[in-house]
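Participant: Have a look at the structure that comes next, please.
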Amino acid sequence: MNAIKAVEGERTSSSVYHLLKGKKSAQTIQDAHLYRLTKWFHTAPFLTSDTFETMMNNLMRNTYIAGDLHRPFVTKEGLERMNGCFSETGSFPDLSGWQFSGTASVFFSRLQLLVQVASHLAYRDSSYYPITRDETLHEWVRRFLRKAPCSKEELASSLFMELDYLFQLLPEQPECIVIRFSGQGQTGKTVMQAAEWMKMEETEYWFRFLHALHSMVRKVTESPHKTPLLQMIVSDIYNPVTLTSSARQTAEYLKKGMTIDQIAPARRLKKATIEDHVVELALNDPSFSIRPFIDKEKEDAVLKVAEVLSNRQLKPIKEKLPEHSYFQIRLVLAKESRNTI
């Protein structure tokens, strides 16, 4: 309902579904930024279209949403119910799906295996099965142990101190994370088991876990000197400028001074796709300038019309500014949304 309220009347309900799933299309990425919904991006990768449709029908039946299911709006009852839920659960201020979803999942997989290894090293017990068969993770742990600034004997205590430091700063109960760990004589719980153990509805547990995890990643990346071991876990997987790999490649061509018309054939992509990449850069890179693509006067005109219309739909703005291209309008809105997040 929070996301539906944000896009109300301007985007379809399927846009909310794609956002929660983390679809990396130009439209979904831009929607996440324009409607201030980046925190929820890719936070429900388990969601299916059938489940989403069932949820929408339930919201409609409870009169929390009304209108066309394709383009619903949140009712007064729905708004009261949503605000009531957030007053009980909190609004998850450290949740940042767009910024951390990719990093957090790898971080936690590495951390789970590292905790298991450290625990068995502490007990000098080598007769155990790793919690994952993923050889990539096994190889990462082997490299970590070779490069770690402490001995294998000191690993458990050093890791404990860093985790203990972070857990004291978490916005959620540390148990959200701790009960997922395996170690000597202990098997980590699944999401379902953890929710039951914490006496929570499963989805609430999932978002509390994710909130805690994103908070951990944020604190590690912001203060790496305080958690050197955990910093080693994220150093090769976190980039402060979040971009899709294709947009990152386009950025390299732009740095060489190439134009959109030159990049498209060089990459064997459509011009519109390269324009999508440029918009993505405007959304995410604070150092990226849109000036090569639109002058200051035209930029100001878009901002003025958008403010008057109180609308982020492109067509109404284009009708007021026929001399502007859709690409230029999207660029200005992208930059504006980045500056106000």
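Participant: Only residues that are free of Cβ contacts under 8 Å to residues at least 40 places away in the same chain and among the hydrophobic types (A, V, I, L, M, F, W, C): list them for region 134-154, please.
Facilitator: Residues satisfying the conditions are LEU137, TRP140, VAL141, LEU145.
Participant: Counting just the residues of region 197-215 that are assigned to a helix (DSSP H, G or I) and hydrophobic (A, V, I, L, M, F, W, C), which one comes out nearest to PHE108 (Cα to Cα)?
Facilitator: Top of the filtered list is LEU213.
Participant: Is there a residue in region 95-104 that is within 30 Å of GLY22 (Cβ to Cβ) and open to solvent by 30 Å² or more (accessible area, probe 1.4 Å)?
Facilitator: Yes, there is a match, as at least one residue in region 95-104 is within 30 Å of GLY22 (Cβ to Cβ) and open to solvent by 30 Å² or more (accessible area, probe 1.4 Å).
Participant: Show the residue pairs meeting these rules: Cβ distance below 9 Å; 6+ apart or different chains; first residue within region 67-85 and farther than 14 Å from VAL7 by Cα; second residue of a type in the set (Asp, Glu) and modelled with pLDDT of 95 or more.
Facilitator: none
Participant: Note down all Cβ pairs under 8 Å where the first residue falls in region 218-246 and is over 15 Å from MET161 (Cα atoms) and in contact (Cβ under 8 Å) with a residue 60 or more places away in the chain, the second is acidic (Asp, Glu) and open to solvent by less than 50 Å² (accessible area, probe 1.4 Å), and they're at least six residues apart or on different chains.
Facilitator: Close Cβ pairs (under 8 Å, with a partner that is acidic (Asp, Glu) and open to solvent by less than 50 Å² (accessible area, probe 1.4 Å)) amount to ARG218/ASP94; THR244/GLU280.
Participant: Take GLU139 and decide whether it is surrounded by fewer than 15 Cβ atoms within 10 Å (Cβ to Cβ), in a helix (DSSP H, G or I), more than 31 Å from the chain's Cα centre (by Cα) and not aliphatic (A, V, I, L, M).
Facilitator: no
Table: residues versus (1) farther than 24 Å from LEU314 by Cα; (2) out of contact with any Leu (no Cβ under 6 Å at 6 or more places or on another chain); (3) not β-branched (Val, Ile, Thr).
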position	(1), (2), (3)
LYS256	yes, yes, yes
ARG267	yes, yes, yes
LYS271	no, yes, yes
ILE274	no, yes, no
HIS277	no, yes, yes
PRO292	no, yes, yes
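Participant: Please name all residue pairs, on different chains or six or more residues apart, with Cβ atoms under 7 Å, provided the first residue is in region 35-64 and is of a type in the set (Lys, Arg) and the second residue is part of a loop (DSSP other than H, G, I, E, B) and open to solvent by 70 Å² or more (accessible area, probe 1.4 Å).
Facilitator: ARG36/ILE341
The values are calculated or read from the model by the stated rules, or taken from the named source; none is laboratory data. Because the structure is a prediction, the values reported are computed rather than measured. With ideal geometry, Cβ positions are generated from the backbone for all residues, glycine too; neighbour counts draw on all protein chains shown. With ligands, DNA and RNA removed, areas are computed over all heavy atoms of the protein, side chains included. Shrake-Rupley method; radii C 1.70, N 1.55, O 1.52, S 1.80 Å.
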